[in-house]
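Participant: Take this structure, written in structure tokens, and hold onto it; I'll ask about it next.
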Amino acid sequence: MDRVKAVHLAPGEAVLMPVKAPHFVKNGDGVSVSFSITWRSVRSVAEGELHSLNARLRKRGLPLLKVSRSPERQWFGRLLFRLVNRLGWDA
């Protein structure tokens, strides 16, 4: 993978991982602390609902919903997610 970059941190250093950026952490022999702050917005909540709905649909072999660039406007999918959630469909 040409886009993989190892970042070695010294004590007191930190790294910012952009939202949804895949990453892997490997600790050394010393003590390490991980601190994460996640900002939730209407858009990120809507996107999460739609992806969760798709996981449930996929599990049952049903067609998936396309998650658009404006997931907060996909009211039908979000309503369906809430209905499915209330009915207790497991992911």
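The values are calculated or read from the model by the stated rules, or taken from the named source; none is laboratory data. Every value quoted in this text rests on a predicted model; they were computed, and no experiment measured them. Every residue, glycine as well, gets a Cβ built from its backbone with ideal geometry; the counts of neighbours run over all protein chains shown.
Participant: Criterion first (modelled with pLDDT of 90 or more and in a helix (DSSP H, G or I)) does Val45 satisfy it?
Facilitator: Details: modelled with pLDDT of 90 or more: yes; in a helix (DSSP H, G or I): yes.
The answer is yes for Val45.
Participant: Consider Phe76 against the criteria (1) part of a helix (DSSP H, G or I); (2) surrounded by 10 or more Cβ atoms within 10 Å (Cβ to Cβ); (3) of a type in the set (Phe, Trp, Tyr): it satisfies all of them except one. Which criterion is unmet?
Facilitator: Result: Phe76 passes all but (2).
Participant: Could you please find all residues in segment 46-91 being touching a residue at least 12 places away in the same chain (Cβ under 8 Å) and aliphatic (A, V, I, L, M)?
Facilitator: Selection gives Ala46, Leu50, Leu53, Ala55, Leu65, Val67, Leu80, Val84, Ala91.
Participant: Continuing with this model, one more query. Tally the residues that are of a type in the set (A, V, I, L, M) and closer than 17 Å to Lys5 by Cα, restricting the search to segment 22-36.
Facilitator: Number of matching residues: 1.
Participant: With (1) under 30 Å from Trp89 (Cβ atoms); (2) loosely packed, with under 10 Cβ neighbours inside 10 Å as the list, and Arg56 as the residue in question, which single condition is left unmet?
Facilitator: Going through the list (1) under 30 Å from Trp89 (Cβ atoms); (2) loosely packed, with under 10 Cβ neighbours inside 10 Å, Arg56 breaks only (2).
Participant: With (1) surrounded by fewer than 10 Cβ atoms within 10 Å (Cβ to Cβ); (2) modelled with pLDDT of 85 or more as the list, and His51 as the residue in question, which single condition is left unmet?
Facilitator: Single failed check for His51: (1).
Participant: Does Ser70 satisfy being at pLDDT 85 or above and either out of contact with any helix residue (DSSP H, G or I) (no Cβ under 6 Å at 6 or more places or on another chain) or surrounded by 12 or more Cβ atoms within 10 Å (Cβ to Cβ) (or both)?
Facilitator: On the way: at pLDDT 85 or above: yes; either out of contact with any helix residue (DSSP H, G or I) (no Cβ under 6 Å at 6 or more places or on another chain) or surrounded by 12 or more Cβ atoms within 10 Å (Cβ to Cβ) (or both): yes.
Spelling it out, Ser70 is indeed at pLDDT 85 or above and either out of contact with any helix residue (DSSP H, G or I) (no Cβ under 6 Å at 6 or more places or on another chain) or surrounded by 12 or more Cβ atoms within 10 Å (Cβ to Cβ) (or both).
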